[in-house]
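Worksheet: the structure to be examined is printed underneath.
The values are calculated or read from the model by the stated rules, or taken from the named source; none is laboratory data. Since we're looking at a predicted model, the values are computed, not measured. Cβ: placed from backbone, ideal geometry, glycine included. Neighbour counts: every protein chain shown.
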Amino acid sequence: MGRNTKAEMICPRFPEPMPLEHPIPSLKDALEKVDVMLRQSINPVSLPSLSAIVVLNDTVLWTGNFGRKNISDALSGPPNEYTIYRIASLSKIFPTLMMYKLWEDGKIASLDDPLEKYLKHITDGLIFLDSGEVPIRSTSVTLRRMASQLSGLPRRLRATSLLWKGRTQTALNLLQDDVLVADPGTKCHYSNLAFSLLAHIMAERIVGMDYQRWVTENILDRLGMEDTGFDVSPGLHAQMAVGVYANGKPSPLYDLGWYRPSGQMYSTAADLAKLTMMLLGAYHRKLLEPDSLKIMLTPLYRCDKDYFANRTGTPWEVNELLGYEVLRKDGDLDGYSATFSLVPRLKLGLIVLMAGSRPQKQNVVVKAYSHIIPAIEKAYREAKKILNAPTNPDPYIGFFTYSNITFYEIRAGPDGVLIMQQFGPQIEELIPEKYRTIKLNFLVDRVFRVVFETEYPCILRVGTASVSLEAQDGQLFNFYTFNKQGVSPGFDAPGLNTYNVVRIARRPTFSS
């Protein structure tokens with residue numbers, strides 16, 4: 001069953017990401033296994049070129065480049081992290097980033113604004129045919145739902161292909177005569193139309209400029225993604241891996257026309273590593289605020305079993321692997337396949353770019369993570385926690401009590417970090433001695449975070465009583481303003497619903 005059994009679940013369930021000292025033998029072994037697995041995935045006919053990169057927080061851990069960029073050219077060399085691939089539906093990440101950026105800038109009032117707010121001639125909303133027969137007024141097609149496959153919009157506009165060269169107004173005219181395939185917000189349904197319409201509406205109706213130009217100036221240039229864009233000019237061909245069909249024949253570089261925001265773009269492993277670091281909140285060039293990133297990386301809706309992902313987000317497909325949420329965006333377009341993926345809890349990212357067809361015998365992304373996730377988790381758990389000491393520990397040192405039931409002694413360790421020990425008759429009955437001592441990590445302005453330095457039972461059971469150590473771990477202690485004697489008279493722990501923990505003059509004695 002592993003570490004988290006019903007008998008005794010061990011916490012923390014997820015280790016806290018922290019700086020690691022390399023080399024880490026277990027991680028090195030895991031990445032070597034990924035290297036071998038991806039190298040063996042190369043097929044000289046159906047998958048001649050593959051580039052992959054693993055990102056941890058703000059660091060590129062590993063890069064792998066296999067095969068040849070052009071199997072039709074005997075002199076063609078291997079790819080590298082700067083080799084260009086078409087990224088197909090990974091393009092959908094960029095309308096989503098645009099939506100969040102415009103929301104941050106106040107140009108979009110709410111992520112849940114209805115589409116019709118920006119379409120003057122569509123005032124009544126779109127129609128959903130319940131059971132294919134009864135027309136009902138649907139709930140709103142909102143911007144956020146459009147970016148998360150929850151809009152109910154069909155995969156494409158009727159009577160169009162992905163190569164359609166129409167205009168947004170024509171698309172809206174076609175859409176007015178169409179129906180939704182699901183009531184918005186109630187069903188995961190893949191829609192290229194939703195992302196393309198979202199992109200064009202934001203560009204034309206909100207910022208008043210070409211979508212591709214906005215993305216280039218406000219995302220690509222800002223993040224330094226110099227080898228990412230929409231149009232593969234002749235000058236880029238030498239840098240590009242040549243896409244092939246399953247039979248090895250080269251694929252054309254289709255222009256997706258109006259549907260470009262959903263799948264037209266190209267990029268490199270190196271550029272997408274920069275995007276990964278930004279989304280993990282670790283890149284030196286910031287695009288979105290931390291709160292926006294948190295919202296963007298949070299799954300929205302649990303999908304039906306017939307959908308290819310367990311949950312959906314903006315713009316992610318989300319599945320669970322080894323207890324962790326893996327956010328993915330996959331793309332497949334004639335001659336190319338690509339995956340952009342994140343494990344936010346571990347500050348981990350994996351990008352795989354392919355010229356050719358995905359391997360059919362195994363999911364290389366899942367297989368790679370099956371090696372990487374346990375190694376990263378182990379490294380975090382075994383890493384020494386770096387704790388901060390207050391500038392002067394004296395105002396916090398002493399004895400405290402909560403309602404004369406629970407008692408605490410706070411002292412400073414050799415490094416100045418505060419150590420808190422719980423004591424008292426009730427504590428001694430419930431909590432074994434090794435779990436009574438915790439450390440307080442100084443954050444800012446008399447605020448500390450509770451830290452358990454070693455693993456512990458999530459729920460501590462003593463007889464018929466139980467104590468949640470997990471509920472204590474990571475909680476904030478807010479010490480009161482110093483009094484005339486220069487000490488804090490007490491503290492609150494709001495997350496534990498514990499207030500008025502007050503200072504007492506000395507260690508109490510207890511009668512037997």
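Per-structure values
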item	result
Qualifying residue in the range 211-220 (condition: more than 30 Å from the chain's Cα centre (by Cα) and either free of Cβ contacts under 8 Å to residues at least 40 places away in the same chain or on the phi < 0 side of the Ramachandran plot (or both))	no
Criterion (modelled with pLDDT under 95, among the small types (Gly, Ala, Ser), surrounded by 15 or more Cβ atoms within 10 Å (Cβ to Cβ) and out of contact with any His (no Cβ under 9 Å at 6 or more places or on another chain)) met by exactly one of Gly424, Gly463	Gly424
Options Thr454, Thr481, Thr437: the member that is in contact with a strand residue (DSSP E or B) (Cβ under 6 Å, 6 or more places away or on another chain) and free of Cβ contacts under 8 Å to residues at least 60 places away in the same chain	Thr437
Residues within the range 22-34 that are buried (at least 17 other Cβ atoms within 10 Å of the Cβ) and modelled with pLDDT of 95 or more, tallied	4
Residue in the range 299-326 that is farthest from Leu342 (Cα to Cα), counting only those that are polar (S, T, N, Q) and either out of contact with any helix residue (DSSP H, G or I) (no Cβ under 9 Å at 6 or more places or on another chain) or in the same structural domain as Trp103 (by TED's automatic domain parsing) (or both)	Asn310
Matching residues in the range 29-54 - criterion: being out of contact with any strand residue (DSSP E or B) (no Cβ under 8 Å at 6 or more places or on another chain) and farther than 15 Å from Leu348 by Cα	Asp29, Glu32, Lys33, Val36, Met37, Gln40, Asn43
Number of the exception - Glu320 against (1) part of a loop (DSSP other than H, G, I, E, B); (2) over 12 Å from the mean Cα position of the chain (by Cα); (3) surrounded by fewer than 19 Cβ atoms within 10 Å (Cβ to Cβ)	(1)
Any hit, the range 52-71, residues being loosely packed, with under 14 Cβ neighbours inside 10 Å, polar (S, T, N, Q), over 25 Å from the mean Cα position of the chain (by Cα) and not assigned by TED's automatic domain parsing to the domain that holds Val451	no
Checking Arg13 against (1) surrounded by 19 or more Cβ atoms within 10 Å (Cβ to Cβ); (2) of a type in the set (D, E, K, R); (3) in a loop (DSSP other than H, G, I, E, B), the condition it does not meet	(1)
Arg503 vs. criteria among the basic types (Lys, Arg), within 19 Å of Thr406 (Cβ to Cβ), buried (at least 17 other Cβ atoms within 10 Å of the Cβ) and in contact (Cβ under 8 Å) with a residue 24 or more places away in the chain	yes
